[in-house]
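Below is one structure, written out as structure tokens; comments come after it.
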Amino acid sequence: MKGVVAKSTGSWYRVLCGEQYYDCRIKGKIRLADMKSTNPVAVGDWVEIEPENAEQAVISTIYDRSNYIIRKSTNLSKQSHIIAANVDMAYLVVTLHSPKTLLSFIDRFLLSAEAYSIPCTILINKSDLYTSDADQQTIAEWTETYQKAGYDIFCVSAHSGENIDTLYRMMENKTVVFSGNSGVGKSSLLNAIAPNVASKVSDISKSHNKGRHTTTFAEMYELPNGARLIDTPGVKSFGLLDLEKEELSHYFPEIFKVSKQCQFHNCTHTHEPLCAVQQAVQNGKIALSRYENYVSCLLDENTKHRK
Ligand code: GDP
Ligand code: ZN
């Protein structure tokens, strides 16, 4: 039987098969050839299970992942912990103010999501607060910037309910994560979408906040419309990817697309002549803020080691 891992403690796994949950162990040794991971099976993994009775089963096979988010173990530098697998959509929740989300944060998040092959949609939350002309102009600018880069971006409000239905419909049958700085309204949005699930998530988060747990385990929650929300307590952004400077531009989709017309195949789009990327910035096809954040990631020696 095929199921999806909804919870993992490292020694046992809760697997959802249709409507039924099974507590599972791993059968013998299952090897994942390509990775040194502390946990061979992660939340979001699709697995084959063999039931032993109505509640227990063994995991016999792990299916290939479409993507995964990892975090390096702090004590074992070569090992990594898979936080979540097979994420269909990351919703990045941002706000214009209270708190203000920096474009550099957004661009670094999108860079990580691209590097992990996780599609991302940007939600501008707290739209009920954005009544001023200045805010409306900022929304127009952000929308244009990220649409040009190829991302979906739209306003929502957990308080007024704007676009909550749309968001819920988009999540149907998808495995999703909500990310963003604390205070942008992730819990409030979930509460607006699915209050029953939100209360379960907040219980877990509270118990983690007591500080006794050093390792946080992700957990998946089913929503009535078939959406699967992966809650990753304590994980604000994806972070920690070893990217070479040469591949950085591959993860800014609109820069990558245009870069094929640069004179030099190894163009860094900074000082080279006949650079199609710099031309596209000049004529407005690529947003200046995106380009500047690309350059700042390029110059940032810490890009490889950032959290
Ligand atoms: P989280 O840390 O991202 O989970 O953020 P919370 O959901 O805890 O929200 C942080 C604060 O922002 C709370 O005081 C919420 O009431 C408030 N908030 C969340 N969504 C909205 C919204 O759509 N409009 C307004 N005005 N406030 C919001
Ligand atoms: Zn170039």
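Only the coordinates and a few stated rules stand behind these numbers; no lab work does. Everything numeric in this text was worked out from a predicted model, so none of it was measured. Backbone-built Cβ (ideal geometry, glycine too); neighbour counts: all protein chains shown.
For this structure, a couple of remarks:
- Relative to the longest principal axis of the Cα atoms of the chain, the long axis of helix 133-148 lies at roughly 80 degrees.
- Gyration tensor verdict on region 89-175 (Cα atoms; rounded if a/c is under 1.5, prolate if a/b is larger than b/c, oblate otherwise): oblate
- Electrostatic tally near ASP128: other residues with Cβ closer than 15 Å to its Cβ, Lys and Arg +1, Asp and Glu -1, net -1.
- Neighbour cut-off at most 13 other Cβ (10 Å), DSSP loop, GluC sites (Glu not before Pro), region 113-189: GLU172
- In this simple spin-label approximation, TYR168 and ASN283 carry label points 7 Å from Cα along the Cα→Cβ vector, and these lie 4.5 nm apart.
- With both residues required to sit in the chain, DSSP beta bridges show an antiparallel share near 55%.
- Cα gyration tensor, region 36-186 - rounded (a/c under 1.5), prolate or oblate: prolate
- Cα shape, the chain, gyration tensor, a/c 1.5 rule: oblate
- P(r) tail, region 125-190: Cα-Cα pairs separated by more than 17 Å, 50% of all pairs.
- Residue exposure proxy: PHE238, PHE178, ordered by other Cβ atoms within 10 angstrom of their Cβ from fewest to most, comes out as PHE178, PHE238.
- Computed from Cα positions, the angle between helix 103-115 and the longest principal axis of the chain comes to roughly 60 degrees.
- Between helix 195-209 and the chain: long-axis angle, C-alpha atoms, 0 to 90°, nearest 10: 90
- Charged neighbours of HIS269, selected by a Cβ distance under 14 Å, balance to 0 (K, R count +1; D, E count -1).
- Expected 222 nm ellipticity per residue - DSSP helices of 4 or more, -39500 (n - 2.57), all of the chain, to 500: -8500 deg cm²/dmol
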